[in-house]
1. Could you list all residues from region 98-124 that are modelled with pLDDT of 95 or more and among the hydrophobic types (A, V, I, L, M, F, W, C)?
2. Name the one entry in Gly413, Gly443 that is under 36 Å from the mean Cα position of the chain (by Cα), small (Gly, Ala, Ser) and farther than 22 Å from Ser481 by Cα.
3. Do you know which residues across region 590-621 are in a strand (DSSP E or B) and hydroxyl-bearing (Ser, Thr, Tyr)?
4. Thr129 passes all but one of (1) within 25 Å of Leu218 (Cβ to Cβ); (2) open to solvent by less than 10 Å² (accessible area, probe 1.4 Å); (3) polar (S, T, N, Q); which number fails?
5. For region 488-512, how many residues meet the condition of being touching a Ser or Thr at 6+ places or on another chain (Cβ under 6 Å) and surrounded by fewer than 15 Cβ atoms within 10 Å (Cβ to Cβ)?
6. Could you check region 101-133 and list, in sequence order, the residues that are part of a loop (DSSP other than H, G, I, E, B) and more than 23 Å from Leu200 (Cα to Cα)?
7. Here is a list: Ser213, Ser168, Ser222. Which entry is at pLDDT 95 or above, hydroxyl-bearing (Ser, Thr, Tyr) and either in contact with a Lys or Arg (Cβ under 8 Å, 6 or more places away or on another chain) or open to solvent by 50 Å² or more (accessible area, probe 1.4 Å) (or both)?
8. Which of the residues that make up region 411-447 are open to solvent by 40 Å² or more (accessible area, probe 1.4 Å) and either within 15 Å of His459 (Cβ to Cβ) or β-branched (Val, Ile, Thr) (or both)?
Amino acid sequence: MEVGTTPGPSDTVQLTSGVNQALLAQIASCLQSPPSEENNFGGLDPSRPQSVGERAQYGCPSHESDALLRIKAPFNDSRGSLSSWVNGTDCCSWDGISCDNHTNHVVSLYLIGLDGVISESLCQLRFLTSLEIYRVTGTTTLPPCLGNLTYMEFLHLSSNELSGMIPSSLCLLTRLTYLNLSENMFNGAIPSCLGGLSSLTTLELDDNMFNGSIPSCLGNLSSLNVLLLSGNELSGSIPASLGNLSSLSYLVLSGNELSGSIPDFLGSLSSLNVLSLGSNQLNGIIPYSLGNLSLLWYVDVSSNNLTGTVPPSFARLSSLASFNADGNHFNETIFPSSFPASLQVLSLSLKQSVPETFFNNLTNLRALHLYDCVLNISKTWIPPFQLSQLQSVSCMIDGEVPPWLSTQFSLEGLKLVNTGLVGQIPSWLCENSPHLSTLNLSGNHLEGSLFLNASICMHLEILDLSRNKLSGPIPSMCSPSMATLTLRDNLFSGNIPVSLSKCSSLIVLNLGNNRLEGTLPHEFSQLSELYSLIVHNNKLKGSLPSSIANCSELQILDIGNNLFGEEIPPSLKNLSMLRVLVMKGNNFTGSIPPELGQLMNLQILLLSSNSVSGPIPHTIVLLQAMMLESQDGYLLSNPNTTELYHDGIDMTLKGTNQHYTYILSTLTCIDLSNNKLEGGLRLLNLSMNNLNGTIPNSLGEMRQLEELDLSRNHFSGQIPAELESLSYLGSLNLSNNNLSGSIPQGRHITGTFGESSYSGNPNLWGCPLPQNCSWPQFVAPPPLVLVNKGNKIIEYPWYKIAVGLSYGAAFGGIISLIVLKINWRRKYFNKIDTILKFLFPWMKNWTL
């Protein structure tokens, strides 16, 4: 049906039984109501073709032009992508707009790179057939009225900041053939009503936060070619209904929490090209039936709990180019005959010895990733393939770097990690592989000096030789594209080469745990892209160059456990991106610069074991990044390198040194211990933040504290009794938290501070709170008893009367027994007589 024509009865969409009846009624209403003059379509009859002259005369309808200007208004258009949207001009000529050639109605809208809110005016573009909104920030929800755009066929809303559940109104768009909501923050269950969009050929919901199971009604989408649900939190088994998707060339369910076995019915999806099930919780074996998929060229079942082996039926997959099955628990032998000669990428966790004959048939192999195996390959072996990528992790290699690598002239990435390599690094690695960009030989037993010629290794971007026994000086190895240089945990000595400052693209430089001497070159200030600089545990001395503050992208600076001295440069305040600053275990003197408090992103500050003196600047304890409520929890890792790199850190926690392999964004710490600080901190104000947990007992050690304000946070638990030792404390505010239990009844805490110091904590009780000095609010107070005393009626708590009556009854009972019973009276006075004669010997001749 042409866009803009009146829908007829034959255009009614047949919906499945799984669609909500209310939505069905709305859809039917939309499809059976022809446009009327009241809809104000700019005076044009949408069903009548227009000539070129008519189009020039009328232009786009004025109400659509006005709607577009209202859509533009809330956006911050820093890139100028909407600069052509000018009132009074034909909107059909505006950037990102397409109009129908016959009616001039706007039928296509494309927005990219904006910041702001998607206006509901969008829904006034009734004849839209294509809408693409890409990389628009600041928008959190979709206008529910999108369901009114019933002519929509193509809807692409990926890579935005959309959240919440998918609006059910989208299920009204029954003409949709393409729906892409990927890379957003949608959550909740995937709506079952999507199964009623029978025209869909592509459904992309990947990289969101959807949970629950995969709706079985998605199997009703008989026209579907692409189904992408990866990168969510979906659980349960793969529904059998997906076996109905006879035309789904792409089925991508990886990166979820799916369980159960890989269903055998997948072998009936004869059109399947891509099957991605990696990073789930699937178990059982790989179905033999998958060998029936003659068009399959990509399979990923990695990082699951699969057992068994690779079925021999895979040898029939003549189109298979990539097979990834690492991170499983295969307990049977994997035979080379299971793989077709077409295979170009192979990734396996083998748990077995791999002879060179394993690769005889793999003549087209270009990338090989092996894990947890033993490579049993002779030194004279010449492979039948030319690799561009070789990755071997925890696969034992007997001896030196394998000589057969010298025959691989197309290598771009080489990673041999934890493989037991010994000997020296051969110089031919770069000579024979001139395109090598990644070289990672970490976690081995390599030794000797490092001989890598920068003029030959000119394309090297990542060099990781950490955790070996390499020695001698660090050579000048800077290549024009070097981004990551990691030489930590070796035996390198001598000075840090100044030539490294010429590596203008360097992002990560880690030289920690070596025997380096001399100073930190002030020329490092030229490394404008540097993200992480780590030189801890060496013998470096001198001052920390103030010019290091020119490294404006620096987020991690770790110079701990060296011999650095002099004062801490205040210029560090210019490192506005800095998140981790480690200067512990040096000889820094002088005072702590108050300017460090300007580092708004700083979350870890370690200055312990120096000779720093003077007072603690109050700006240090007010560092904003340490007070954020729920940081993302991501690893602090460099986002720009081609291979993911993570920094670690050593911290003293509970009196012991602990190593963190990764630095999480939620890790926060200030350590100023073992210095010569004096005067003490007098003011600590952390109010109006999102701090949680209990109030630290260690606050009681800050004896000079005069003002403590922790109000308007989320602290819980009891108030530490140690606060009573803060004898100089003149102002205390713990109000508006979640504190509970009794207020410490020490003389200073309860005698100095009034109700306002503790209010707003519903479960806190005790004086000086006026509600009750003895009973918590969450326990009902005892009822009052009215006692008529003379002309006054006095209220007494019943428990006081009850205690008095109890004492009276007990005492009266004893007296009654003494008076009424002779034997009790005799025993009572004999006992009193014995006690008195023991206490007062001079009464021994007296008798009661």
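1. Scanning region 98-124 gives Cys99, Val106, Val107, Leu109.
2. Gly443 is the lone residue from the list that is under 36 Å from the mean Cα position of the chain (by Cα), small (Gly, Ala, Ser) and farther than 22 Å from Ser481 by Cα.
3. Ser613
4. (2)
5. Matching residues across region 488-512 total 1.
6. So in region 101-133, the residues part of a loop (DSSP other than H, G, I, E, B) come out as 101-105, 113-114, 116-119, 125-129.
The answer is Asn101, His102, Thr103, Asn104, His105, Gly113, Leu114, Gly116, Val117, Ile118, Ser119.
7. Values: Ser168 fails: at pLDDT 95 or above; Ser222 fails: at pLDDT 95 or above.
It is Ser213.
8. First, pick out the residues of region 411-447 that are open to solvent by 40 Å² or more (accessible area, probe 1.4 Å): 412, 415, 418, 422, 424, 427-428, 431-432, 434-435, 445, 447.
Selection gives Glu412, Val422, Glu431, Asn432, Pro434, His435.
The values are calculated or read from the model by the stated rules, or taken from the named source; none is laboratory data. Keep in mind the model is a prediction, meaning the values are calculated, not measured. Heads up, the Cβs are rebuilt from the backbone with ideal geometry, glycines too, and the neighbour counts pull from every protein chain shown. We work out accessible area using only protein heavy atoms, side chains counted, and drop any ligands, DNA or RNA first. Shrake-Rupley method; radii C 1.70, N 1.55, O 1.52, S 1.80 Å.
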